[in-house]
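Down below is the structure, laid out as structure tokens.
The values are calculated or read from the model by the stated rules, or taken from the named source; none is laboratory data. Quantities reported herein were computed from a predicted structural model and do not represent experimental measurements. Here Cβ is always computed from backbone atoms with ideal geometry, including for glycine, and neighbour counts include all displayed protein chains. Areas reflect the complete protein model, heavy atoms only, side chains present, ligands, DNA and RNA absent. Shrake-Rupley method; radii C 1.70, N 1.55, O 1.52, S 1.80 Å.
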Amino acid sequence: MQRFGYDVEKVNGAKVHSLYNVMTMEKNVYDWFDRLEMWFESTVRSRWSWSIYYVVLNISEYQDVVNRYRVRTLWPEFKAPRAEVTFTSPNSVIYPVLSPQLLALHAACAHSGQ
């Protein structure tokens with residue numbers, strides 16, 4: 001994790017169970033996620049990719065929402081229960097949503113195994 005630039009101390013020991021590192025999934029979905037056959041891809045784009053997207057598609061067809069992710073799978077025929085998910089919290093200070101850095105790290109690992 002350090003090689004990817006992530007501070008390992010954020011998830012060491014008891015911190016591994018922090019809310020920003022925990023989510024509940026149906027058993028089969030968890031197995032896909034755990035085997036790196038499924039990952040979450042952020043819908044938030046950099047300014048550069050946003051401008052490319054605007055040229056290619058109608059801007060009204062795309063909403064840039066923080067904590068919204070596309071569900072991606074290893075195989076096209078492998079259907080995830082949802083195409084997109086949005087992680088929310090009634091109070092993100094007390095109950096933080098999943099870490100975007102950890103989700104990106106998981107996605108990078110899933111991509112490297114392809």
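Note on residue 68/residue 28: beta-carbon distance plugged into 1/(1 + (r/R0)^6) with R0 of 22 Å gives a FRET efficiency of 0.45. Here residue 88 and residue 112 are evaluated by their C-beta separation; at R0 = 35 Å the FRET efficiency comes out at 0.75.
Taking all protein chains together and rolling a 1.4 Å probe, residue 39 ends up with roughly 10 Å² accessible. Ranking of 37, 26, 77, 84 by solvent-accessible surface, largest first: 77, 26, 84, 37 (1.4 Å probe, protein heavy atoms only, all chains present).
Length gained on full extension, residue 37 to residue 78, computed as 0.36 nm times the residue gap minus the Cα-Cα distance: 13.9 nm.
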